[in-house]
1. Going residue by residue through the range 630-639, is there one that turns out to be crowded, with 18+ Cβ neighbours inside 10 Å, among the aliphatic types (A, V, I, L, M), in the same structural domain as C548 (by TED's automatic domain parsing) and not in a helix (DSSP H, G or I)?
2. Given the criteria out of contact with any helix residue (DSSP H, G or I) (no Cβ under 6 Å at 6 or more places or on another chain), surrounded by 13 or more Cβ atoms within 10 Å (Cβ to Cβ) and not assigned by TED's automatic domain parsing to the domain that holds V283, does G220 qualify?
3. Does G150 satisfy the criteria of being modelled with pLDDT under 85, touching a strand residue (DSSP E or B) at 6+ places or on another chain (Cβ under 9 Å) and more than 21 Å from G220 (Cα to Cα)?
4. For the range 586-604, give me each residue that is farther than 15 Å from I524 by Cβ, assigned to a loop (DSSP other than H, G, I, E, B) and at pLDDT 90 or above.
5. If you check V374, V386, which single one turns out to be closer than 29 Å to A203 by Cα, in contact with an Asp or Glu (Cβ under 7 Å, 6 or more places away or on another chain) and assigned to a strand (DSSP E or B)?
6. Going through the range 184-227 one residue at a time, which ones are free of Cβ contacts under 8 Å to residues at least 24 places away in the same chain and not in a loop (DSSP other than H, G, I, E, B)?
7. Here are some residues: V673, V650. Which one is touching a helix residue (DSSP H, G or I) at 6+ places or on another chain (Cβ under 6 Å) and either within 22 Å of L479 (Cβ to Cβ) or outside any helix (DSSP H, G or I) (or both)?
Amino acid sequence: MQGRVPEDLAFVVDARGAITVWSDGARRLLGHEPAELVGRPLDDLLAARLPESTRRHAAEGRRWAGEVALRHRDGNLVVVRLQGTPLLDGEGGRLWLVTGTVPVNPGVRDEHGAPPLWDLTLAQLPVPVAVYDRDARLVGANEIMTELMGRSEEEMKGLTLWEIEPNPPFDTYDRLQREVLRTGEMIFHEEHGKAPGEIRPHAWSMFMSPLKDEAGEVRGVSATVFDTTDQYWARRRLAVLNEASLRIGSTLDMTRTAEELAEVAVAGGFADFVTVDLLETVVLGDEPEPLPTGTPATVRRTAQRSVLEGCPESVVATGGTIGYPVGTLPLRVLSAERGARHRPGDPELMEWLRSSPARAQTVSRYMIHSVMMVPLRARGMTLGLVHFLRHRTPDAFSEDDLLLAEDIVARAAVSVDNARRFTRERHTALALQRSLLPERLPELAAMDIAYRYLPTGAGADIGGDWFDVIPLSGARVALVVGDVVGHGIHASATMGRLRTAVRTLADVDLAPDELLTQLDDLVIRLDREEGPEVRGEEEASGQVGATCLYAVYDPVSRRCTMARAGHPPPALVTSDGGVRFVDLPAGPPLGLGGLPFEAAEVRLEENSLLALYTDGLIEAPGHDIEVGIALLRQALSGPPVALEETCERVLRTLLTGGPADDDVVLMLARTAVLDAGKVRTWQLPPDPAAVARARKMAGEQLAEWGLTEAEFATELIVSELVTNALRYGGAPIELRLIRDSALICEVSDGSSTAPHLRRARVFDEGGRGLLLVAQLAERWGSRQTATGKTIWAEQPLPTGV
């Protein structure tokens, strides 16, 4: 063996870890005689596990140094600073010469032989302290600093920080030290991370101060480090709370609000995995009820967020339902109405985990070590439950974390409840609006109809857009599209009243311009009725208003008469694919009063396409009206295709900027022409003999159509209507029969006097004709024409025809 064993504290350990030499100095310090230890393993002498750096250097066969806890013969613990030097024996094997001293400052002692208080203070200061020379190399470090670095003072002496730990952020620390040496100014630096001698991150506040001599020259730098983890987490909690107040509740959508809650908690580093489960009734927008005792609860996974991509910790997909059985931890937390925190070893949590093997496997696989459950409560009602879990963050949830979670969840609960209320009101308004719109369109021979109705997006109330298809006398059809000013239930209710009024006026068979005039008066009256109780004026306030387009198409003459009140003009697609917008007088919006409406008449080819719409279509987000008109023209152009396909193409073309800010109505009508063989017209002279002739011609025509079963009733109707025209009307008199989905009989004359149905007295000579017509026909009525009026009666076709 090379070298000699000193008389101070020293011993030799062979390659097997056994003590082979025990010095007298070691005996004096630890009390063990050589015979007691020689040949025994060194582990018998150790009172604690060797430091990590010591074990690492020994395994690599390098010289090591560090403080080691040894056992005294009397059982006491003695901390000794040891140095291990590798040696070779005669056979080339490795030996270790271990020398050392008791770790005290060997410097100047006081009169009693004790180290000075200043040296004791530096050595035992409860904060890490290190001193570096003018080359930024370590001169000395106290015990707590060596523990923090995971290396002994001897290992680090003479090295820079970057040489001690060549990993970030030590490059930053080394640069800051050199800055202090250069400028002579103190630098304060904060860092959050894991020190080499630790297993979990901490927050550190570092003061790097220059060390100056009497002449003021910088001779070195001192580094003092303070653990500010508690303050760091307090600031983080405050930041999470502030972020929650800014981000949660940005929309009136329950799902998005729940997602914002999960995002804030995970993005802020507060939790590693968050789930938001809402009660099933809350998701549906219903009013939440108190949880009955002894009854399980059903929740829906509304949102979840994880620090891991794709939320692999989750055992339930977003949108899936979960049952909380009676007696389980989540249900108890909901019933207790306050949050709770648990560790996987807690009996209550273990019981909940064992109820689901998948859940227990997830906890084990991802090493989830801390769980909080916090009820979502607002306005005294429970809405759901939020789970906060940690598996990547080493620290468990604290009581302060629970208080923060309850605060965040309480803020989110108010927003969730607001979204729930909005959802309920929106569903109510949509149900009202849809109930006021036609459930299904009538079957028409005059045209084919397709439509789309899209309410506004979830961020705004529904509007008052409506549409209607109204069968009229003579196989004609009325098309209506309108838009009430404003949004919400009030707009829907107003829309319903206007739609009913339009249907009533359409039954009177008013011309489009006259119908809009009557509708305008109605809107003005509604405005006055819905204003303040005491307005002090009779004029309309303009709070109630609407736009409307009313068109009547006659499949016999192929004429379409239209009028509009402030509504966008209809688009007309000809049979060859050309698109133009009908030049129709705009007219004022309904509710202004005093201004006339003008009608325009267009003769349509067979298979022409009329497109009626509301302004929500052409004013969709992402473009203005001119662009919207151009896009609509583009979408309608091209060869004719099925109406449903055309509707989809129009919506795809125009609604590219997300949900519309207003309701959208699109109605497409492809015109047909009633076959000439289904219409027969006769001009009648103003002669009483024309009654018999008309009856005969009608009977012959019915026989030709194969409708002999309706001959008797039809002849009576024709007789009565022609007689009335001769007696109370005037020339020209015309009889027309139309075979459509029903058998229609029309008699026109030159008088504009409207007929009245009344019950004749016993001795009256007249007054029974229209009563007879009303009894024979399924429905009857009259309409004004340019030259007088037309009285019509409609009968169902015989069965099997």
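1. No, every residue in the range 630-639 fails to be crowded, with 18+ Cβ neighbours inside 10 Å, among the aliphatic types (A, V, I, L, M), in the same structural domain as C548 (by TED's automatic domain parsing) and not in a helix (DSSP H, G or I).
2. When the stated conditions are applied, G220 passes them.
3. no
4. E598, L604
5. When all the criteria are applied, what remains is V374.
6. I187, F188, H189, E191, S205, F207
7. Checking each option against the conditions leaves just V650.
Rundown of residues vs (1) assigned by TED's automatic domain parsing to the domain that holds M149; (2) surrounded by fewer than 13 Cβ atoms within 10 Å (Cβ to Cβ); (3) modelled with pLDDT of 85 or more, yes/no style:
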site: G39; (1), (2), (3): no, yes, yes
site: L45; (1), (2), (3): no, no, yes
site: T54; (1), (2), (3): no, no, no
site: G75; (1), (2), (3): no, yes, no
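The values are calculated or read from the model by the stated rules, or taken from the named source; none is laboratory data. The shown structure was predicted, so the numbers you read here are calculated from the model rather than taken from an experiment. Reconstructed Cβ throughout: ideal geometry from the backbone, glycine too, with neighbour counts over all protein chains shown.
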